[in-house]
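**Student:** Here's a structure for you.
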Amino acid sequence: MPKEKTFQKTIDLVNNYLNAMEDRDFEIAKSYLHKNFKLVFPGDRVFLNLEDLTNWAKLRYRWVKKDYERFDPLSSGDNIIVYCYGTLYGEWLDETEFSRVRFIDRFTLKDQKILNQMVWNDMTEYIKS
């Protein structure tokens, strides 16, 4: 398969996973994950499954969604890396809204499954301001 088609297929997979996560359709989201999936959030918080991530997030905000700026794919050996850039918006636990919080997600895909996701965002900067 040409690299451009492989990259587009991988971007679509990441986008579908992110949409399933926003919709809280965890069964669909899990279908995109590799059996050795690992997710790392700021502060070196490591999650090995979506349930632990969800339980942690419930203590931070009521809901959060993403506006995507772009997806950048690249090859890395047998894996494909996808960087996703954009901003977060949502609602804190006290029902105050937030928006324009920058984020970058880095996905490593192996055999068309998400092996890991690393998350960087400005959420703590937003909380301080």
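**Student:** Could you grab me the full set of residues in the stretch 17-47 that are charged (D, E, K, R), within 19 Å of Lys110 (Cα to Cα) and not in a strand (DSSP E or B)? Spell out the reasoning first.
**Tutor:** Initial filter on the stretch 17-47 (charged (D, E, K, R)): 22-25, 27, 30, 35, 38, 44-45.
Filter once more, so that each one left must be within 19 Å of Lys110 (Cα to Cα): 30, 35, 38.
Listed by number, the list holds a single entry, Lys30.
**Student:** Same structure again: Report yes if Tyr68 is of a type in the set (Phe, Trp, Tyr), more than 30 Å from Lys5 (Cα to Cα) and open to solvent by less than 80 Å² (accessible area, probe 1.4 Å), otherwise no.
**Tutor:** So Tyr68 does not fit the description; no.
**Student:** Another question, then. Within the stretch 96-103, can one find any residue that is of a type in the set (Asp, Glu) and over 27 Å from Thr6 (Cα atoms)? Even if it seems obvious, please write down each step before you answer.
**Tutor:** Of the stretch 96-103, the ones of a type in the set (Asp, Glu) are 97.
Narrowing further to those that are over 27 Å from Thr6 (Cα atoms): 97.
Looking for residues that are of a type in the set (Asp, Glu) and over 27 Å from Thr6 (Cα atoms), one finds at least one in the stretch 96-103, hence yes.
**Student:** Next up: Tell me which residues, restricted to the stretch 91-105, are assigned to a strand (DSSP E or B) and among the β-branched types (Val, Ile, Thr).
**Tutor:** Those that are assigned to a strand (DSSP E or B) and among the β-branched types (Val, Ile, Thr): Val101, Ile104.
**Student:** Consider Phe7 carefully, then state whether it is assigned to a helix (DSSP H, G or I), open to solvent by 30 Å² or more (accessible area, probe 1.4 Å), of a type in the set (A, V, I, L, M, F, W, C) and in contact (Cβ under 8 Å) with a residue 24 or more places away in the chain.
**Tutor:** Working: assigned to a helix (DSSP H, G or I): yes; open to solvent by 30 Å² or more (accessible area, probe 1.4 Å): yes; of a type in the set (A, V, I, L, M, F, W, C): yes; in contact (Cβ under 8 Å) with a residue 24 or more places away in the chain: yes.
Answer is yes for this residue.
**Student:** Determine whether Leu13 is at pLDDT 95 or above, within 18 Å of Tyr61 (Cα to Cα) and surrounded by 14 or more Cβ atoms within 10 Å (Cβ to Cβ).
**Tutor:** Working: at pLDDT 95 or above: yes; within 18 Å of Tyr61 (Cα to Cα): no; surrounded by 14 or more Cβ atoms within 10 Å (Cβ to Cβ): yes.
So Leu13 does not fit the description; no.
**Student:** Right, here's the next one. Filter the stretch 23-58 for residues that are touching a residue at least 40 places away in the same chain (Cβ under 8 Å) and surrounded by 14 or more Cβ atoms within 10 Å (Cβ to Cβ); which is nearest to Gly90 (Cα to Cα)?
**Tutor:** Ranking the qualifying residues of the stretch 23-58, first place goes to Phe41.
**Student:** Given the conditions (1) touching a Gly at 6+ places or on another chain (Cβ under 9 Å); (2) farther than 23 Å from Asn15 by Cβ, report the number of the one that Tyr68 does not fulfil.
**Tutor:** (2)
**Student:** Also, I was wondering about something else. Give the residues of the stretch 16-69 that are modelled with pLDDT under 95, among the aromatic types (Phe, Trp, Tyr) and under 18 Å from Val101 (Cα atoms), sorted by residue number.
**Tutor:** Phe41, Tyr61, Trp63
Okay, residues lined up against (1) touching a residue at least 60 places away in the same chain (Cβ under 8 Å); (2) closer than 23 Å to Lys30 by Cβ:
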residue: Ile81; (1), (2): no, yes
residue: Tyr89; (1), (2): no, no
residue: Ser99; (1), (2): no, no
residue: Arg102; (1), (2): no, no
residue: Lys110; (1), (2): yes, yes
residue: Ile114; (1), (2): yes, yes
residue: Met118; (1), (2): yes, yes
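**Student:** Yes or no: the stretch 111-122 includes at least one residue that is part of a strand (DSSP E or B), modelled with pLDDT under 95 and of a type outside the set (Lys, Arg). Steps first, please.
**Tutor:** Going through the stretch 111-122, the residues part of a strand (DSSP E or B) turn out to be 113-121.
Checking the rest, the ones that are also modelled with pLDDT under 95 come to 121.
If we keep only those that are of a type outside the set (Lys, Arg) too, we end up with 121.
Looking through the stretch 111-122, at least one residue is part of a strand (DSSP E or B), modelled with pLDDT under 95 and of a type outside the set (Lys, Arg).
**Student:** Right, next: If you take the residues of the stretch 78-120 that are touching a strand residue (DSSP E or B) at 6+ places or on another chain (Cβ under 6 Å), among the hydroxyl-bearing types (Ser, Thr, Tyr) and open to solvent by 60 Å² or more (accessible area, probe 1.4 Å), which of them is nearest to Glu22 (Cα to Cα)?
**Tutor:** For the stretch 78-120, the residue satisfying everything is Tyr89.
The values are calculated or read from the model by the stated rules, or taken from the named source; none is laboratory data. The structure displayed is predicted, hence computed values, not measured ones. Positions of Cβ are generated from backbone atoms using ideal geometry, with glycine treated the same way; all protein chains shown enter the neighbour counts. Accessible surface is based on the protein model in full, side chains and every heavy atom, while ligands, DNA and RNA are left aside. Shrake-Rupley method; radii C 1.70, N 1.55, O 1.52, S 1.80 Å.
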